[in-house]
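Q: Got a structure for you, questions after.
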Amino acid sequence: APLLPEIIALHGKWLGDKPAVVDGDRVFSWREFDARTNCVAHGLHQLGLRRGERVLVVMHNSAEMLEAIWGILKAGGVVVPLNLSIPDAAVVAMAADSEAVAAVASGDQCAPLEALRPRLGGVRAGAFVAHEAAIPGWRAFGEWRDAQPDHAPDPGLRIGRAERSNRV
């Protein structure tokens, strides 16, 4: 049986031009979604993400949230979804407990997360990615993603078949 990240690639081949993600009036085909998630995976590797490391995801439902989640999985990372409606101390504790090394956030979530940045010691400098926000020291999600190659990431860099943790 295929691993979770392989399902996107297989759908990209089998269902190529059929809709995979609909976000308002934006529609991405399976081929496009596969390529975009590959770009996110490469971007995470470029930020130094290694297999099994964790990435905070603090995003609203959107195509970019799905790209971040599936890109993290393709990169061999672990998704740590957070909701900033919880108290700051809980956010900091969850980030520390997860040992997250990177963060991806939606625009309105960036400022609160940036305020907590000094207390998010495990998140690497330069490993904060913002969607729809311009925050000094953060990478712009679209530009960062689009600057990466869209081919599948090196299988040696993601969770493999021997580690059944991302198996369907």
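Q: Go over the candidates Asp25, Asp17 one by one and state the one that is charged (D, E, K, R), open to solvent by 60 Å² or more (accessible area, probe 1.4 Å), more than 25 Å from Arg117 (Cβ to Cβ) and out of contact with any helix residue (DSSP H, G or I) (no Cβ under 9 Å at 6 or more places or on another chain). Talk me through it step by step, then tell me what you get.
A: Numbers: Asp17 fails: out of contact with any helix residue (DSSP H, G or I) (no Cβ under 9 Å at 6 or more places or on another chain).
So the residue among Asp25, Asp17 that is charged (D, E, K, R), open to solvent by 60 Å² or more (accessible area, probe 1.4 Å), more than 25 Å from Arg117 (Cβ to Cβ) and out of contact with any helix residue (DSSP H, G or I) (no Cβ under 9 Å at 6 or more places or on another chain) is Asp25.
Q: Further question: Please state which one of Leu116, Leu66, Leu84 is under 15 Å from the mean Cα position of the chain (by Cα) and either outside any strand (DSSP E or B) or farther than 24 Å from Ser29 by Cα (or both). Steps first, please.
A: Values: Leu116 fails: under 15 Å from the mean Cα position of the chain (by Cα); Leu84 fails: under 15 Å from the mean Cα position of the chain (by Cα).
Going through Leu116, Leu66, Leu84 in turn, the sole match is Leu66.
Q: Also, quick follow-up: Which ones in region 119-144 are free of Cβ contacts under 8 Å to residues at least 12 places away in the same chain and assigned to a strand (DSSP E or B)?
A: Passing the criteria: only Ala140.
Q: Quick check on my filter: what residues within region 89-113 are assigned to a helix (DSSP H, G or I) and hydroxyl-bearing (Ser, Thr, Tyr)?
A: As a first pass, look at region 89-113 and keep what is assigned to a helix (DSSP H, G or I): 89-98, 107-113.
Answer for region 89-113, where residues must be assigned to a helix (DSSP H, G or I) and hydroxyl-bearing (Ser, Thr, Tyr): just Ser98.
Q: In this structure, is Leu49 touching a residue at least 24 places away in the same chain (Cβ under 8 Å), assigned to a loop (DSSP other than H, G, I, E, B) and either surrounded by fewer than 20 Cβ atoms within 10 Å (Cβ to Cβ) or touching a strand residue (DSSP E or B) at 6+ places or on another chain (Cβ under 7 Å) (or both)?
A: Judged against the criteria, Leu49 is a match.
Q: Kindly list, by first and then second residue, each pair from a residue in region 90-114 that is on the phi > 0 side of the Ramachandran plot to a residue that is open to solvent by less than 10 Å² (accessible area, probe 1.4 Å), limited to pairs with Cβ atoms under 6 Å and residues at least 6 apart or on different chains.
A: none
Q: Now a separate question. If you scan region 75-109, which residues turn out to be within 16 Å of Met59 (Cα to Cα), small (Gly, Ala, Ser) and crowded, with 19+ Cβ neighbours inside 10 Å?
A: Within region 75-109, Ala95, Ala100, Ala102, Ala103, Ala105, Ser106 qualify.
Q: Would you say Glu163 is open to solvent by 20 Å² or more (accessible area, probe 1.4 Å) and either in contact with an Asp or Glu (Cβ under 6 Å, 6 or more places away or on another chain) or at pLDDT 95 or above (or both)?
A: The answer is no for Glu163.
Q: If I filter region 145-153 for residues that are at pLDDT 95 or above, over 18 Å from Lys74 (Cβ atoms), of a type outside the set (Val, Ile, Thr) and not in a loop (DSSP other than H, G, I, E, B), do I get at least one hit?
A: Looking through region 145-153, none of the residues is at pLDDT 95 or above, over 18 Å from Lys74 (Cβ atoms), of a type outside the set (Val, Ile, Thr) and not in a loop (DSSP other than H, G, I, E, B).
Q: Within region 25-38, can one find any residue that is part of a loop (DSSP other than H, G, I, E, B), free of Cβ contacts under 8 Å to residues at least 24 places away in the same chain, over 18 Å from Asp146 (Cβ atoms) and hydrophobic (A, V, I, L, M, F, W, C)?
A: Scanning region 25-38 turns up no residue that is part of a loop (DSSP other than H, G, I, E, B), free of Cβ contacts under 8 Å to residues at least 24 places away in the same chain, over 18 Å from Asp146 (Cβ atoms) and hydrophobic (A, V, I, L, M, F, W, C).
The values are calculated or read from the model by the stated rules, or taken from the named source; none is laboratory data. Predicted model, so just to flag it, every value in this text is computed and none were measured. A quick note on method: Cβ atoms are made from the backbone with ideal geometry, for glycine too, and the neighbour counts reach across all protein chains shown. Accessible surface is based on the protein model in full, side chains and every heavy atom, while ligands, DNA and RNA are left aside. Shrake-Rupley method; radii C 1.70, N 1.55, O 1.52, S 1.80 Å.
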